Structures are given as C-alpha cells and as structure tokens.
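Below: the structure, in structure tokens.
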Amino acid sequence: MNATLPTAHSLRAALAGLLDGLPPKQAAQAVDRLIASYRGETPTDAPILRDRSDVVAYAAYRMPATFEAVRSALDALVGAAPDWTPATHTDVGGGTGAASWAVAGAWEGPATTVLDWAEPALALGRELAEASGAPGLRDARWERARIGAALELEPVDLVTVSYVLKELTAAARAGLVDAAAAAGQAVVVVEPGTPDGYARIIEARDRLIAAGLRIAAPCPHSGACPIAPGADWCHFSARVSRSSLHRQVKGGSLSHEDEKFSYVVATRFPTAPATARTIRRPQIRKGQVLLELCTREEGLARATVTKRHGALYRAARDAAWGDPWPPADGDGGS
C-alpha cells in the first residue's frame, strides 16, 4: 500500500493531535450518552452529535472502530472486484469521516464528498482530514445535508452508509437506501453487529436487490438469506487497536477491542462473490479445523478440514472470521 494512504495508525495519530487537552470528565459524560444512543432505540429527526464536545468524544470513541469495520467491508469489495477502482465517492452521514478514511486507504484518488447534518462533526472531519496528509482526504468536500428520505444524491461510483440507518425512522431508512441505490455503481452499508443491526442490513439488502443491484459481499449470492429470521444473525468482527486517548475516553486497559458489525456490498457491475464465507470464528481442534459457512449452493453449511487436506488445512488454520472460502486454489473440505 502506498505510504501516503491513510492507515489505522495515521488515524489514531490525527485524533491524538487534534483532541489533546480534552477534559476527561466531559469526554466520559459525552461517551456515556453516545453509548446509550448507539445501543438504544433512537430513531430521530435531529443530529445525535450536538456540539464539538460531543463530536470530540465520538471521534475518540467511535472513529477507530468504524474505520476498521468499513475497511473490512471494502476489503471484501476489493476481493470481489479487484480490477475496479472508484473515481468518485459519497459518504452519507459520514460525520467526522471514518468511512472516508477507509475509502482513501483502499484506493488512491477517489474524489470524496462527505454529507452529514451535524456541522460540528463536519468541522472536526475537515480538521482530521487536513492532519491526515492524504491528498484524497485533504481534497474532500464536507457538506451539510439532512440525512433521510428526502436526500438527493448525485451519481457516483461508490456510496458508503456506515452506522447511519440506526439513527433513522423506517421510512427515512428506506428512502436513504433507495437514494444510494439510484446514485451508486457500488453501495456499501455497515451497521452494528447486533440482531437489530443485522435486521437493518437485511432490509437494505432487499431494497438494493429490488433496485437492480447484485450482492458482492459478504453473501456468496443474491438470493434470500438462509438464516431464519430471529434464529441467528450474520455479523463479523474487526480488531481495533486502542490508543491511550481511546482508553481515556472509553475506559478499560486492554490494548485492543473487537468491533462487531454487519454489512452488505452491492454493485451494478459484474463481480466475483466468494463461493462461501466463514460466518463464525473458525474452531481449531487437534488435526482439524471446523468452519461455519454461508455457501452459494447449499446455504448454511459446516466444513471439516483435516491434516489430510494438506495446503487447504494450513489455509483453514489461518482463516479468519469473515474470510472467503475456499482459497482460490483449493476446495472446501468435507
């Protein structure tokens, strides 16, 4: 990867540089309120981020995790369409720009527009982008817009909608997804990895398919999800390194945390979705690896890969939750 492209480390450095001096008590109070909003039932018609103190706390608390979740979804898009590069990108409800950092790290050169209805978030996003040193972020446009059913989007190559649907009413969610589908050649939607977050992803997935897009990831197909409603939910995990600033505003002493998220990627151009995808953390046993898979032909399936599979067994031991399966040069075990 080009050294000028944004990374998780450069994001943490930009956050630390701009947020130095944040009063810990004020930050902790803002984080507590944001956590309650993030986990609760809060469809709204007003911005959750009200002022700079909210935005500063949000950036320290959420940006690294959002960045890693969106980067994972973009990695899946790159895997399904390795020769495709977006020239234009709209980040809907982008706030301080975590998804835009991930896009700028995946491809060099997309012209990005960040839309959000909270001016304090856009203002901090501009500052962080300037501190990034990445041309794609420094040249981004940051525009205030009401995010909801009435939003109009210009045609672009890529639309990202990350951790936004939670904040909207059902009608606003539907309108926003339809607008993204009409505008984008590729649409990436990311939500928290909770049962209700997954339900919103399935709702968005259905609308994207109805609008004529095809699923590129994580699903290996564009048919109905094989998970019975209410029985389980599809989600993945991304490892997030915690900076000292992050630990200060969020609490805890571990150097990392795992961000659980659900996502869908849909496109109007041909892609090569994975034949199957691991939908749980692989279980390594003596001489074998157990894989829980969502497959193109069989729906939900289990695979056992043993030492007799040779290179495939070694690949299974290295496989991570959310990875495509099998490797390009292997088979799927038995």
Looking at (1) of a type in the set (Gly, Ala, Ser); (2) open to solvent by 30 Å² or more (accessible area, probe 1.4 Å); (3) touching a Leu at 6+ places or on another chain (Cβ under 9 Å), find the lone condition where Ala150 falls short. (3)
Among residues belonging to region 87-115 that are surrounded by fewer than 24 Cβ atoms within 10 Å (Cβ to Cβ) and not small (Gly, Ala, Ser), point out the one that is farthest from Asp157 (Cα to Cα). Leu115
Is it true that Arg268 is surrounded by fewer than 21 Cβ atoms within 10 Å (Cβ to Cβ) and modelled with pLDDT of 90 or more? yes
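The values are calculated or read from the model by the stated rules, or taken from the named source; none is laboratory data. Bear in mind that the values here come from a model prediction, so they are computed numbers and not experimental data. For neighbour counting, all protein chains shown are included, and Cβ atoms are generated from backbone atoms with ideal geometry for every residue, glycine included. The protein model used for the area step is the full one, side chains on, heavy atoms only, and it has no ligands, DNA or RNA in it. Shrake-Rupley method; radii C 1.70, N 1.55, O 1.52, S 1.80 Å.
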